[in-house]
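What follows is one structure encoded as structure tokens, with my remarks underneath.
Please treat every number below as a calculation from the coordinates, not as lab data. None of these values were measured; they are calculated from a predicted model. Every residue, glycine as well, gets a Cβ built from its backbone with ideal geometry; the counts of neighbours run over all protein chains shown.
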């Protein structure tokens, strides 16, 4: 089943991994709110936050200015949020946004005559990782973590966030095309033309089975870039700068 039509000015952004050391994404959101980046659709492709979990109060408290601004933008821009492995259980946090949980992904959208498969990227992964993703999203786990974390004044959340500071999230994956080929064999159907996901932070465009365009969106945390729909099946890479004009890159 396909969802809404992807419009020509749609913006896709992923993996900004917002924390107190990475605050550039707020300026990006302000640019959309103030129409310096003029779009009618915004696709947030997951891991926008280093940690935001619905029901875990501390994670919402530290990200409140972002939550408020995203909700403000959602009143005038159509927003689709594909939950990641760092930000999930979000439907109550973003009431006017179409939120795609882990189980709702991948989702198929239309773009002119093309079928576009959208997901964060943590699907069709190795077995142990798949088990992990399901555990951290389970109602029992989230309820327990929420109670304990709230009681300890955010101790668990703070510990998780501190551990993220040490990660090299911008490293290149040498065998990435092989990983994509293996994963897409489990997800692709013949009617899919384009695949867009984040999660891996690789900023590459590949072709799967020769005629399927695969786009791994750059991590905004790594190089402050996003993509904009340009035409029937073409996107343009754009690097965000606080002071416009934006730095436009190659078409993909």
Per DSSP H run of at least 4 residues, take -39500 (n - 2.57); add these up for the chain, divide by its residues and hand me the 222 nm value, nearest 500 deg cm²/dmol. -9000 deg cm²/dmol
Taking the Cβ of each residue in 74, 218, 16 as the centre, tally the other Cβ atoms inside 10 Å and list the residues starting with the fewest. 74, 218, 16
Mean separation of Cα contacts under 8 Å (6+ apart) over length of the chain, as relative contact order %: 23 percent
Calculate the spin-label point distance for residue 207 paired with residue 134, positioning each point 7 Å from the Cα along the beta-carbon direction, and give it in nanometres. 3.7 nm
Kirkwood hydrodynamic radius for the range 2-251: how many Å is it when counted over pairs of different Cα atoms? 18.5 Å
When 43, 12 are arranged by how many other beta-carbons sit within 10 Å of their Cβ, fewest first, they go 12, 43
What share of the DSSP beta bridges in the chain is antiparallel, in percent to the nearest 5? 45 percent
List the equivalent ellipsoid semi-axes of the range 192-231 in whole Å, largest first, each obtained as the square root of 5λ for an eigenvalue λ of the Cα gyration tensor. 20, 12, 7
Among 203, 113, 150, which one shows the biggest mean-square fluctuation in a GNM of the chain, springs joining Cα atoms closer than 10 Å? 113
Take the Cα radius of gyration of the range 37-175 and divide it by 2.2 N^0.38 Å, with N its residue count; two decimals is plenty. 1.12
